[in-house]
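Take a look at the structure set out below.
No value in this document is a laboratory result; all are computed from the given coordinates. Because the structure is a prediction, the values reported are computed rather than measured. Every residue, glycine among them, receives a Cβ derived from its backbone with ideal geometry; neighbour counts consider all protein chains shown.
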Amino acid sequence: MRYLTARKRAEGKGPSHTGTEHHWHMQVSAVGLAFLVPLFIFIFGSALGGTYEEVIATFSRPIPAILTALVIFVGLQHFSKGAQMMIEDYAHGTTRKALIMFVIGLSYALTAVGLFALAKIAL
Amino acid sequence: MADVKRVERPLSPHISIYRPQLTSITSILTRITGNALAVTALLVVWWLLAAATSPEYFATANAVVTSWFGDLVFTLSLWAMWYHYLAGLRHLYFDAGKGLDIPTAEKLGWGIIIGSVVLTLLTIVIV
């Protein structure tokens, strides 16, 4: 008989073999997005369908530009970690590693392109 | 400090013979909507990049985004966004250890399904 607590025995047995930090990150970004997303839907929805000049004017203003940058950055970090969770549930071995790398890379690439576009429009 | 009880237990039923329940369906929909929103992110970033590049490139991207197909994608995205939003709030509530009894969990399930449709329609009307 080994003197282990139930918690000690359970640790590291989930699909990712780790997790509390990951889960905490998901909670923090979820709460952040809960505040950002309704405003973003309103701003983006109003800009969508406008002319080129109107769209440039919208994203040149500080609040729409900063808010969109935040939604892109926080949203894609949330996606990256969420998609990783899904991959860890269904894929194994090298496939798992490759898919996680792809998702993290895709998230950073989309973030970089989005922030570059916003900077070019706003500045 | 109990040791592991080595007891022969029945295995949990395989997912394909398990009756779909509101709680399981609303849970898997959270994952589907969340991951599908990557397509929306891709479209939004492309549209912004086009606006940053030139009026001509914007015209091309904007034509795709505001076509009937673009409208369909963005309307579905809107619903997915609101669904994932409400399901995420429910997840945070569950994480706090609340609402985990079956009647409450099922009420919350209907809440996010109906709520997401209502919020989607409201957004289309207002924005």
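Annotations for the structure displayed:
- Residue within segment B:102-113 that is among the charged types (D, E, K, R), over 29 Å from A:L110 (Cα atoms) and loosely packed, with under 15 Cβ neighbours inside 10 Å present: yes
- Hits in segment B:89-127 (condition: part of a loop (DSSP other than H, G, I, E, B) and farther than 26 Å from A:I41 by Cα): B:A96, B:G97, B:K98, B:G99, B:L100, B:D101
- Residue-level analysis places B:L121 outside the set of residues that are away from every other protein chain (no Cβ under 12 Å) and surrounded by 15 or more Cβ atoms within 10 Å (Cβ to Cβ).
- Residue match in segment B:63-77 (condition: more than 22 Å from the chain's Cα centre (by Cα) and charged (D, E, K, R)): no
- Matching option when the condition is under 30 Å from B:Y57 (Cα atoms) and in a helix (DSSP H, G or I), among A:G32, A:G49, A:G114: A:G114
- Tally of residues being more than 21 Å from A:V113 (Cα to Cα) and touching a Leu at 6+ places or on another chain (Cβ under 9 Å) across segment B:74-96: 14
- Given (1) of a type in the set (A, V, I, L, M, F, W, C); (2) farther than 22 Å from A:L39 by Cβ; (3) out of contact with any helix residue (DSSP H, G or I) (no Cβ under 8 Å at 6 or more places or on another chain), index of the condition B:A105 fails: (3)
- Test: residue in segment A:9-30 that is more than 20 Å from B:T33 (Cβ to Cβ) and buried (at least 20 other Cβ atoms within 10 Å of the Cβ): no
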